[in-house]
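As structure tokens, the structure follows; a few thoughts come after it.
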Amino acid sequence: MFVTFEGLDGSGKTTQAELLRASLAAEGRSVVATREPGGTPLGEEIRKLVLGGTAMSAWAECTLFAAARAELVERVIAPALDGGSDVVCDRYIDSSLAYQGIARGLGVDRVLELNLRVTRGLLPDLTFLVLVDPEEALSRSSPSDRIEREAAEFHIAVDAAYRSLAEMFPRRVLAVDGSRAPDEIAEEVRGRLRQLA
Ligand code: TYD
């Protein structure tokens, strides 16, 4: 099973990815947890580059995220899935579709095409989109990188982008209400995954 978590910074998606990892491991399943951008030595270098202070064009940003993702799939995600492990990833292709494809205006189709090309066409079995009020998410997270420092309007556009991705890919992207207690959200996530199995 390949499961990803998406949402704004401050949405609680990282907490949910960790709760799912722990619950699968507690059931005795082999599970590999990773994150984007990062998760490999090259990916961590790209993370510093893309989230550091250097201004860059939208396609430069998009292709750097795609390069980190290509490396993560090749070295971590595909080998883990081939070896029979579950993979839980904090952010994946949908981050690029929402941030670069929609909010930066590069186009969902073009960003999806690039990303499918560099990831052997690997899409998650299920993607949980943790939805919270964007103003609330902004107030929960202190801006620590170049993208988080974007104006509130940008984060509001990303929130709308994610909601439209859930409509575009209704079988794969499931929106969950992130305003509830973490345990309650985790319970819903487990329930949805059991339906898939
Ligand atoms: P993240 O690691 O979730 O931030 P943090 O560790 O601070 O919680 O993501 C870093 C930022 O990168 C986040 O603002 C979203 C952005 N991002 C994109 O714009 N496109 C992408 O493809 C990815 C993976 C992340």
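The values are calculated or read from the model by the stated rules, or taken from the named source; none is laboratory data. In this text the structure is predicted, and so the values were computed from the model without any measurement. Neighbour counts are summed over all protein chains in view; Cβ atoms, including those assigned to glycine, are modelled from backbone coordinates with ideal geometry.
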Which numbered condition Asp86 fails, given (1) more than 20 Å from Arg29 (Cα to Cα); (2) touching a Lys or Arg at 6+ places or on another chain (Cβ under 8 Å):
(1)
Segment 30-52 residues that are over 10 Å from Arg69 (Cβ atoms) and in contact (Cβ under 8 Å) with a residue 40 or more places away in the chain, paired with ones that are of a type in the set (A, V, I, L, M, F, W, C) and within 7 Å of the ligand (Cβ to nearest atom) (beta carbon under 7 Å, 6 or more apart)
Val50/Phe65; Leu51/Ile147
As an exercise: evaluate Ala197 against (1) surrounded by fewer than 14 Cβ atoms within 10 Å (Cβ to Cβ); (2) under 18 Å from the mean Cα position of the chain (by Cα); (3) among the aliphatic types (A, V, I, L, M) and give the number of the one condition it does not meet.
(2)
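Tell me, which residue of segment 171-197 that is in a helix (DSSP H, G or I) and of a type in the set (Val, Ile, Thr) is farthest from Gly12 (Cα to Cα)?
Going residue by residue through segment 171-197, those that are in a helix (DSSP H, G or I) are 182-196.
Filter again for of a type in the set (Val, Ile, Thr), leaving 185, 189.
Values: Ile185: 10, Val189: 13 Å.
Among them, the one singled out is Val189.
Out of the residues in segment 136-154 that are away from the ligand (no atom under 12 Å from the Cβ) and farther than 26 Å from Leu20 by Cα, which is surrounded by the fewest Cβ atoms within 10 Å (Cβ to Cβ)? Break it down stepwise before answering.
Keep residues of segment 136-154 that are away from the ligand (no atom under 12 Å from the Cβ), which gives 136, 139, 151-153.
With the extra rule that they be farther than 26 Å from Leu20 by Cα, the set shrinks to 151-153.
Working: Ala151: 8, Ala152: 10, Glu153: 10.
Filtering segment 136-154 for residues that are away from the ligand (no atom under 12 Å from the Cβ) and farther than 26 Å from Leu20 by Cα, the one surrounded by the fewest Cβ atoms within 10 Å (Cβ to Cβ) comes out as Ala151.
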Go through segment 59-77 and give me each residue that's touching an Asp or Glu at 6+ places or on another chain (Cβ under 8 Å) and more than 9 Å from the ligand (Cβ to nearest atom).
Leu72
Every listed condition ((1) within 16 Å of the ligand (Cβ to nearest atom); (2) exposed (fewer than 14 other Cβ atoms within 10 Å of the Cβ)) holds for Ala181 save (1)
Return the residue satisfying two criteria in turn: it lies in segment 30-55 and is assigned to a loop (DSSP other than H, G, I, E, B) and surrounded by 14 or more Cβ atoms within 10 Å (Cβ to Cβ), and of such residues it is nearest to the chain's Cα centre (by Cα).
Glu36
Scanning segment 78-100 for residues that are more than 13 Å from the ligand (Cβ to nearest atom) and in a helix (DSSP H, G or I), which turns out surrounded by the fewest Cβ atoms within 10 Å (Cβ to Cβ)?
Asp82
Across segment 1-21, what is the total count of residues that are touching a helix residue (DSSP H, G or I) at 6+ places or on another chain (Cβ under 9 Å) and surrounded by fewer than 18 Cβ atoms within 10 Å (Cβ to Cβ)?
2
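Restrict the check to segment 162-182 and report whether at least one residue is modelled with pLDDT under 95 and small (Gly, Ala, Ser).
no
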Given the conditions (1) within 17 Å of Glu150 (Cα to Cα); (2) among the small types (Gly, Ala, Ser); (3) modelled with pLDDT of 95 or more, which single one is not true for Gly53?
(3)
